[in-house]
Structures are given as structure tokens and as C-alpha cells.
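Let me begin by presenting the structure, written as C-alpha cells, before commenting on it.
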Amino acid sequence: MTTIYAARWVLPVSSAPIEHGAVAVDGPTIVGVGSVAEIQLRFPEARVESFGESVILPGFVNTHTHLELTALRGYLENEEHDFFAWLRKLTLARLERMTPEDIRDSATWGACEAVRAGITCVGDASDSGMMSMLALREVGLRGVVFQESFGPDPRLSEENFGKLRAKVAELREIESELVRVGVSPHAPYTVCRPQLELIAEFAIAESLPLMMHAAESKAEELLLREGVGIFAEGLAKRGIEWTPPRVSTIQYLNECGILGTRPLLAHCIRVDDRDVELLRETGAKVAHCPKSNAKLGHGRAPLAKFLTAAITTGLGSDSVASNNTCDLLEEARFAVLLALKNPLLTVSQMVRAATAGGAQCLGFEKGIGVLGEGYQADLVVVGLDGTHQLPVYDPATTLIFASSGRDVLLTIIAGREVYRDRRVLNVDEERLKARINEIVRKLS
Ligand SMILES: [Zn+2]
């Protein structure tokens, strides 16, 4: 049974906007994209759903999330000035105060927020990969769940790597068309060099995508370049030996073999021109997280340089513990505004980064990220007739500068409607809301 979704505008991303456009969907697949008249002629038997003054575009791809931390939204505001304290409070809450069920409900709540904002695919870094996978599956969200690995102590690198391997083996059992498994050595300051090397080899041998936090904070840069600062002090307190490599994070990750995996690197704020060139040469990808970077005071990543160098770049919200919302339209707007309206950055590039760019970052470029025949039917309808949006001269401009995830009317993943009429269709949101309130009572 074919369904035609029609709207005033269709933004295929891979081709020019279509006024009075339509997308025909059959099962999980897009079977036609064009003007309403043309598509109705091609599929005369199809059911037609018209959304009027709205835009249909590929679903948004959020390349960097931590859905399991959704219950920590607003929990760490007082620690934001001190990244070390922020990480410590977060880790304690997650490891010692939240049960596996809490983590699962937290991740599911985050997945609900995502599809409500038109996000159809996530790159989710998770300490509890199994809970994240279950959350994605429950809501019907597509994504890669990157199982995190921690371990700053080289003496424990084999043991910690063994734990990662075991977790990945379990996750692979429940991999599906929609939800895939990857690995994520957390960051250069939480994973020691031998462990980074082991994980890089493993990722290549097992063809696992790899995501990692990189070049995010001043503290990280001090640790790597000079072996001083709060991260260095933290390691010393734990009796962990650290010899600074005295290079940038990106060069260090190259030395450790991580760049050989063509990784997805989140943040990449503290990068110089040589680092950008290294990212380009090695085929590394960037998850640009402008709001989280600003909220934690880490700075601005050189987005225009990434795009000029043709580095595959997507947008990421990071966790709502730092960003407070999971909304790629907000991320896209911040990306342009924080780049001080660099003339190299256009609204259509931002729409691309939020869709096709993100799909490429996560290795889904053959299936999603654009509206084209044969692609997966991951699409979103965004209303454009709000008081805050009218008048509309150009739909991409209205999307990026005057809209947010709250304007999303419909979210479809692999042809299946997951959000419509202000409701997430596959889950009991009231039950989840009560559970989140329970977790909050426990944490506060
Ligand atoms: Zn992150």
C-alpha cells in the first residue's frame, strides 16, 4: 500500500526544493519524490495525506547523543564551571544511583524527545549499550549505539578491553536493520594509550564504527600537551602514571591508531590547521555540537574549516545533561550564529549537515539522509504556518532561523510513523514521565 505525503514544500536535500511537492512511500522505502501532480499521476491508487503549509524533508540525524543521561537534564548546572566536577557528579549518578531500569527509562525518554523533534537516527554513546539499544528499538528509532569503554590505567587496559569485547558480543545479538553496534573509547583523558590501540585494532578487525570525544576542553589539551591541569592531577591522585605525548589530541589519536578507523569525533574544538588536514587525510568525521560546547564554556569548533576541507560533518546535541535539549534545528541555528554568520555557511549547508551529513557520519549514507527513490523512508514533516514562522519566503531559512523541533508534525522511520498528533506512538509516555519523576526524586 503506497502512501503519498504532500506539503507546500519538499526539501529532498539531494536536489532542489520542490514547491507543492510529495513523497510516495511503500513499506520502508521511498518510491517517488516530485510535484504532487506528478506523484499522484504515478501512484493513482495511493492514499494521499496533505500537510498544507509545511515542509517534508529527510529525518534529522543526531550524530552525538547520550540518551541514557536524559534524566540528568538540569542536574549539573552548578558544576558547569568545573568540567572535572561535572564529569564526576555525572559518573556517580549514573554508576551508583541509577539502576539499569532507571537507565533504560531515561534512554527511552530521550528517544521519545528525539522523535518528537523529528530526529530519525542517532549516534548514541552509551555506558549501558544494552539499555540504549532496547530504548531505540522500543521507540522505533534508527541508530548506532556506540558501547563506551573507560580505563585511564594502562595496567588494566587488557581487562577493560575484555569487558568491552564481551559487551559488544552481547549487543551484536540484538542488532537489527535499524539499530547497529559501534564502540566508543570515551575520551583521551579517560582511556589510556594501550587501550585506545586495542580498541582501534578491534574496530578495524570487526568492522565496527568508532565514535570518540576529542579535542573538547582546555583541560584535555593541557593534559596532552604539558601533562598538567585537573585531569593530570586526577590521574596522579589515583596513582596512574601519565607521560604527555606533547602533541594535539588529533595527532595523538593518529599515533594511537584511532584515526585509522575513520572515526566519528565529537567536538573537535581545539584543532589547528594541521589537525584539520589530518582529519581530512584520514577520512575522520566530525560531530559538531555547538550548543553543548557553548554551555560548558569549551569554545567553538571551526565548522567552516571542516566544511571547506570537505570533512564529513554532522550535528550533535550531546547529552541533555549539558545541552538541555535534543533538537537539531536548534543545533543548526546555533551552528550558524556561533560561526558569526560566516559567509561560507549557508542555510542549505545546515539542512544538509542535519540530514545527509549526519547519515554519512554514521555510515548510513546509502540508506538515509536524502529523499530519493530507493532510499529508506525516514522523513519528517515540519509545520511552517506558526505565528513565529510566517511569512515564509524560503522554507530552508524558516526552518533554520525560525523553527524548532516543537514544530514537527510527523516523524516516519523506515516507513513507520513513530510520532504524530503530538504523541509518540509506540510507548506509554505517561508511564515514562512518572518514572522520570521517580528518578529525579532519588537523585535530588
Ligand atoms: Zn558526549
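Could you say which residue among Glu331, Glu373 is within 16 Å of the ligand (Cβ to nearest atom), among the charged types (D, E, K, R) and in contact (Cβ under 8 Å) with a residue 40 or more places away in the chain?
Working: Glu373 fails: within 16 Å of the ligand (Cβ to nearest atom).
Going through Glu331, Glu373 in turn, just one is within 16 Å of the ligand (Cβ to nearest atom), among the charged types (D, E, K, R) and in contact (Cβ under 8 Å) with a residue 40 or more places away in the chain: Glu331.
No other residue among Ala7, Ala24, Ala107, Ala46 is within 16 Å of the ligand (Cβ to nearest atom), in contact with a Ser or Thr (Cβ under 6 Å, 6 or more places away or on another chain), modelled with pLDDT of 95 or more and not acidic (Asp, Glu) apart from Ala107. For residues that are open to solvent by less than 10 Å² (accessible area, probe 1.4 Å) and not aliphatic (A, V, I, L, M), scanning just region 259-274, find the one that is nearest to the ligand (Cβ to nearest atom). Within region 259-274, the match that is nearest to the ligand (Cβ to nearest atom) is His267. Residues in region 34-59 that are over 13 Å from Thr2 (Cβ atoms) and touching an Asp or Glu at 6+ places or on another chain (Cβ under 9 Å): Ser35, Gly52, Glu53, Ser54, Pro58, Gly59. Do we find a residue being crowded, with 19+ Cβ neighbours inside 10 Å and free of Cβ contacts under 8 Å to residues at least 40 places away in the same chain anywhere in region 88-95? The answer is yes; a qualifying residue exists. Among the conditions (1) within 26 Å of the chain's Cα centre (by Cα); (2) among the small types (Gly, Ala, Ser); (3) more than 21 Å from Ala354 (Cα to Cα), the only one that Ser14 does not satisfy is (3).
Within region 352-360, can one find any residue that is over 21 Å from the mean Cα position of the chain (by Cα) and small (Gly, Ala, Ser)? It would help to see each step written out before you state the result.
Residues of region 352-360 over 21 Å from the mean Cα position of the chain (by Cα): none.
Taking every residue of region 352-360 in turn, none turns out to be over 21 Å from the mean Cα position of the chain (by Cα) and small (Gly, Ala, Ser).
In this structure, is Arg155 open to solvent by 10 Å² or more (accessible area, probe 1.4 Å), in a helix (DSSP H, G or I), farther than 19 Å from Glu429 by Cα and modelled with pLDDT under 95? Here the answer is no, as Arg155 does not meet what is asked.
Taking the criterion of being crowded, with 17+ Cβ neighbours inside 10 Å and under 22 Å from Phe364 (Cα atoms), the residues of region 158-175 that qualify are Val168, Leu171.
Here is a yes/no grid of residues against (1) open to solvent by 60 Å² or more (accessible area, probe 1.4 Å); (2) modelled with pLDDT under 95; (3) assigned to a loop (DSSP other than H, G, I, E, B):
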position: Asn342; (1), (2), (3): no, yes, yes
position: Ala356; (1), (2), (3): no, no, no
position: Ala359; (1), (2), (3): no, no, no
position: Gly372; (1), (2), (3): no, no, yes
position: Thr397; (1), (2), (3): no, no, no
position: Arg406; (1), (2), (3): yes, no, no
position: Asn426; (1), (2), (3): no, yes, yes
position: Glu430; (1), (2), (3): yes, no, no
position: Lys442; (1), (2), (3): yes, yes, no
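Do the conditions hold for Glu201, that is, is it of a type outside the set (Ser, Thr, Tyr), assigned to a helix (DSSP H, G or I) and over 30 Å from Gln376 (Cβ atoms)? Considered against the rule, which asks whether it is of a type outside the set (Ser, Thr, Tyr), assigned to a helix (DSSP H, G or I) and over 30 Å from Gln376 (Cβ atoms), Glu201 comes out as yes.
Taking region 376-395 as the range and being touching a residue at least 24 places away in the same chain (Cβ under 8 Å), open to solvent by 40 Å² or more (accessible area, probe 1.4 Å) and within 22 Å of Arg116 (Cα to Cα) as the test, the residues that pass are Gln376, Asp385. Within region 275-328, the residues that satisfy the criterion of being within 20 Å of Ser348 (Cβ to Cβ), small (Gly, Ala, Ser) and either more than 16 Å from the ligand (Cβ to nearest atom) or open to solvent by 30 Å² or more (accessible area, probe 1.4 Å) (or both) are Ala304, Ala309, Ala310. Within region 69-104, track down each residue that is modelled with pLDDT under 90 and among the small types (Gly, Ala, Ser). Matches in region 69-104: Ala85, Ala93. Residues in region 55-72 that are away from the ligand (no atom under 14 Å from the Cβ) and farther than 17 Å from Glu417 by Cα: Ala71 alone.
The values are calculated or read from the model by the stated rules, or taken from the named source; none is laboratory data. A quick note: this is a predicted structure, and the numbers were derived from the prediction, not measured. For neighbour counting, all protein chains shown are included, and Cβ atoms are generated from backbone atoms with ideal geometry for every residue, glycine included. Ligands, DNA and RNA are excluded from the accessible area calculation, which covers all protein heavy atoms including side chains. Shrake-Rupley method; radii C 1.70, N 1.55, O 1.52, S 1.80 Å.
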